[in-house]
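Engineer: Structure below; questions to follow.
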Amino acid sequence: MERVAVTGIGVISPAGKNKDEFWKNCIDGKNSVSRVSRFDTSQFQTNMGGEIKQFTPYMKNTDALSVGLCTQYALSAARMAYDDAGIDGLSSDKCAVFMGTTMGEGQELGSILLGSGEEEKRHISLFDVYNIAAAVCREFGLKGEASHIPNACSAGNFSIISAFEKIRSGKAEYAFAGGADVLSELAFKGFSKLRSLAPDKCRPFDKNRLGLIISEGAGVLFLEAMSSARRRGAHIYAEVIGWGASCDAHHMIVPSPDANGIKAAIRQAVETTGIEYGDVDYICAHGTGTPANDSAEALAINSLFGEHTPVSSIKSMIGHSMGAASAIEAAACCLAIENSVIPPTINFEEADEKCKIDCVPNNARRMRVRIAANNAYAFGGSNTCVLFGEV
Amino acid sequence: MGPALTGIGMISGFASGLDELYDAVINGKINHTDAAVPKLKEKGLVFTDNITKKAYAAIKAAEADSGMNCRDRDDMGIFLGTAFGSLASMEKFGRAAMEKGMKGIMPMDFINSVMNAPAGQLAILCGLSGINITVSDGSASSVGALRMCADMIAEGRVSAAVVGGIAERCGLYDEYIRQNGEEPSEGVCMFIAEDAAAARARGAHIYAELLGSAYKYAEQYGADDIFEIMSESAKDAGTYLKDIDFIITCGALDNEIKAIHKTGIKVIDIKDVSGETYGAGGAFKTAAAIALFERNEAAAVMVNSFGFDGFMGCCILKREGV
């Protein structure tokens, strides 16, 4: 079986419109959430969101009028990951594409449903509202295996899992794997109706946490067969070493309080990879800032890893970018391994008895990261844990 | 060796079981079966939408058919092929949200509008605590789901799974399908899939074994591309095109017909009776293959799922005992 290297990273996020800016702001513990300007938020519980401002798409073969903002984020992140990998030309049938989302072009969909006429100007088909993987294939002229996995908040991880398995089995030599979502009025209304939005800040694992902050962006990893990466002398950030997945089968938006589903995903990742729990130096949490998620996740982490494995939530800084979240967080895992530094959980003021973990409060921590675990959980309790290892 | 399909359930306007599907596809006799939302008593269904209710009923039928209880396994997965998730729910939620604002929407309307909501709801209703994946690749969605399911069973990540496809008509769906020159249709078709050796060990009736598949996206594709993917599928299945008895096709695609002519394999087109079931099409074609197997009219069948969106899925099924 082939090993799978991460040789390129592309990130579009409120913390930065490229990987380096994103990472610097994460390590600095910058709160990148701001007042939403894209639509009127006066009727919602909050006016705060992880809105990406002054975005210029970075696409070479796609007309910006033919795709919505979610796809522009995805394509830009994919281009950046490709550039970052430093690869000279891709064989069109040896590169797989796995991308995911929660709502796709939510903002465009709103226009389509209202019949505002905007969609006519932009010529976006219903298919392209929902399918980002096809757009990535078109941007790069690819004709290999591709799939769109709209697994909501675990979409990025599932894309990475799918790409990992294809490369590992020799069915692809490279792959784009990631996720994207846009901060749309529809999403804002939906999450607001669920009463899951925090009024001002996302405070993962804090005793006074009140919910999540909706965000947007895209994260794309360029994955490559290790033999290919070594042969061409590629820079390797990290290696995808394993994964686990499960489903709570409990509730659509609330994790099972016994955390058994989350534990099952983590256990599967660790046991199938053949590592020890103590080998994991960093856990990039799902850490949404909701009372239910954080206590369930902390329970699972504490019971399997103990209290001392560093855990942090990127969402404290950039909000919850839905389908992009676990892909952006995967990027953070790779960068943590590469740079031997763990990003913080910011906005942490008071410890919660129900969250007995080391959440790396407020300040980044310099330490070697041999293995990082990326947790992501979606609507319906679809749980994932992807492991990245140093090379 | 691929997974075995040991249970089937379907709801559509053209067939609600293998016999009716066979009658419709082979004999051209559509019995206009009841595609309405079934009346179900389970409490948890009150918050689900129509497509999820139909899928649930189909899964329960497949479960009973297979002699398996999904809740008995702690690693039973679900792999659901759907082009748009519950687009009807998104229409309902989206219109209410945009036209009436916060007061016009209910929390479950938003939850049901998310593309992976049906898979999530079905996991809760059926006790499916293994891997939960939604595959959304347009016309190839169901074959994509079957392929992913096969890979995960082969890897030992799940010992069994619910797998299939769903499609539901609504304003946006109908408009999109018609813009692409097809007649919109809908339905749900679900299977129980499990490790073939384990299925045999428990004495399950095996409808088919999924031998292999091939899958890709191509913005433009011609007959050569189609022939190539069919050949790749045969290679993946460890067989040859000449050993395929039938190809169940995607309708009147000129390129597909040209590619199939090279092979000399007989063709069955179910779209004449089913209409364009889009994301669920591959699942209904798989069921049609099984209908042939049950009558010993074929030993190996290829299912082609290509369409106007660029996704191409091709899989090969074998009759048990051949």
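The values are calculated or read from the model by the stated rules, or taken from the named source; none is laboratory data. In this text the structure is predicted, and so the values were computed from the model without any measurement. Ideal geometry is used to build each Cβ from the backbone, glycine not excepted, and the neighbour counts take in all protein chains shown.
Engineer: What pairs can you find where one residue is in region B:101-120 and on the phi > 0 side of the Ramachandran plot, the other is crowded, with 17+ Cβ neighbours inside 10 Å, and their Cβ atoms are less than 9 Å apart, with a gap of 6+ or different chains?
Structural biologist: Close Cβ pairs satisfying both conditions: B:GLY101/A:LYS189.
Engineer: Next question. Hey, B:TYR56 hits all of (1) under 17 Å from B:GLY187 (Cβ atoms); (2) over 16 Å from the mean Cα position of the chain (by Cα); (3) at pLDDT 95 or above but one; which does it fall short on?
Structural biologist: Only one criterion is unmet by B:TYR56, namely (2).
Engineer: From B:GLY7, B:GLY94, grab the single residue that is buried (at least 17 other Cβ atoms within 10 Å of the Cβ), in contact with a helix residue (DSSP H, G or I) (Cβ under 6 Å, 6 or more places away or on another chain) and not in a helix (DSSP H, G or I).
Structural biologist: B:GLY7
Engineer: For region B:54-77, state whether one or more residues are in contact with a Ser or Thr (Cβ under 9 Å, 6 or more places away or on another chain) and among the β-branched types (Val, Ile, Thr).
Structural biologist: No, every residue in region B:54-77 fails to be in contact with a Ser or Thr (Cβ under 9 Å, 6 or more places away or on another chain) and among the β-branched types (Val, Ile, Thr).
Engineer: If I filter region B:161-179 for residues that are under 21 Å from the mean Cα position of the chain (by Cα) and more than 26 Å from B:SER274 (Cα to Cα), do I get at least one hit?
Structural biologist: Within region B:161-179 (the criterion being under 21 Å from the mean Cα position of the chain (by Cα) and more than 26 Å from B:SER274 (Cα to Cα)), the answer is no, since none of the residues qualifies.
Engineer: Here's a follow-up. In region A:233-265, how many are out of contact with any strand residue (DSSP E or B) (no Cβ under 9 Å at 6 or more places or on another chain) and surrounded by fewer than 17 Cβ atoms within 10 Å (Cβ to Cβ)?
Structural biologist: 5
Engineer: Only one residue in B:VAL143, B:VAL188 is within 11 Å of chain A (Cβ to nearest Cβ), in contact with a Ser or Thr (Cβ under 8 Å, 6 or more places away or on another chain) and of a type outside the set (Gly, Ala, Ser), so which one is that?
Structural biologist: That would be B:VAL143, the only listed residue that is within 11 Å of chain A (Cβ to nearest Cβ), in contact with a Ser or Thr (Cβ under 8 Å, 6 or more places away or on another chain) and of a type outside the set (Gly, Ala, Ser).
Engineer: Could I ask something else about it? For region B:133-175, which positions are in a helix (DSSP H, G or I) and among the small types (Gly, Ala, Ser)? Full working, then the answer.
Structural biologist: In the first step, residues of region B:133-175 are kept if they are in a helix (DSSP H, G or I); the result is B:138-154, B:171-175.
The answer is B:GLY138, B:SER139, B:ALA140, B:SER141, B:SER142, B:GLY144, B:ALA145, B:ALA150, B:ALA154, B:GLY171.
Engineer: Counting only residues that are among the small types (Gly, Ala, Ser), closer than 18 Å to A:GLY323 by Cα and more than 14 Å from chain B (Cβ to nearest Cβ), how many does region A:212-255 have?
Structural biologist: 4
Engineer: Next question, about the same structure. All but one of (1) more than 13 Å from chain A (Cβ to nearest Cβ); (2) touching a residue at least 12 places away in the same chain (Cβ under 8 Å) hold for B:LEU128, so report the exception by its number.
Structural biologist: (1)
Engineer: Would a scan of region B:16-36 turn up a residue that is β-branched (Val, Ile, Thr) and either closer than 22 Å to B:PRO107 by Cα or in a loop (DSSP other than H, G, I, E, B) (or both)? Walk me through how you get there before you give the answer.
Structural biologist: Narrowing region B:16-36 to residues β-branched (Val, Ile, Thr): B:25-26, B:30, B:33.
Remaining after also requiring either closer than 22 Å to B:PRO107 by Cα or in a loop (DSSP other than H, G, I, E, B) (or both): B:30, B:33.
Scanning region B:16-36, I find at least one residue that is β-branched (Val, Ile, Thr) and either closer than 22 Å to B:PRO107 by Cα or in a loop (DSSP other than H, G, I, E, B) (or both), so the answer is yes.
Engineer: Within region B:185-204, does at least one residue satisfy the condition of being in contact (Cβ under 8 Å) with a residue 24 or more places away in the chain, at positive phi and buried (at least 20 other Cβ atoms within 10 Å of the Cβ)?
Structural biologist: Checked region B:185-204: at least one residue is in contact (Cβ under 8 Å) with a residue 24 or more places away in the chain, at positive phi and buried (at least 20 other Cβ atoms within 10 Å of the Cβ).
Engineer: What about A:LEU183, is it away from every other protein chain (no Cβ under 11 Å), at pLDDT 95 or above and in a loop (DSSP other than H, G, I, E, B)?
Structural biologist: It is true that A:LEU183 is away from every other protein chain (no Cβ under 11 Å), at pLDDT 95 or above and in a loop (DSSP other than H, G, I, E, B).
Engineer: Now a separate question. Considering every residue within region A:161-178, establish whether at least one is under 20 Å from the mean Cα position of the chain (by Cα), part of a strand (DSSP E or B) and not small (Gly, Ala, Ser).
Structural biologist: The answer is yes, given that some residue of region A:161-178 is under 20 Å from the mean Cα position of the chain (by Cα), part of a strand (DSSP E or B) and not small (Gly, Ala, Ser).
Yes/no matrix, rows are residues, columns are (1) under 22 Å from A:ILE161 (Cα atoms); (2) away from chain B (no Cβ under 14 Å); (3) under 11 Å from the mean Cα position of the chain (by Cα); (4) of a type in the set (S, T, N, Q):
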position: A:ALA298; (1), (2), (3), (4): no, yes, no, no
position: A:THR309; (1), (2), (3), (4): no, yes, no, yes
position: A:ILE314; (1), (2), (3), (4): yes, yes, yes, no
position: A:SER326; (1), (2), (3), (4): yes, no, yes, yes
position: A:GLU350; (1), (2), (3), (4): no, yes, no, no
position: A:CYS359; (1), (2), (3), (4): no, yes, no, no
position: A:PHE379; (1), (2), (3), (4): yes, no, no, no
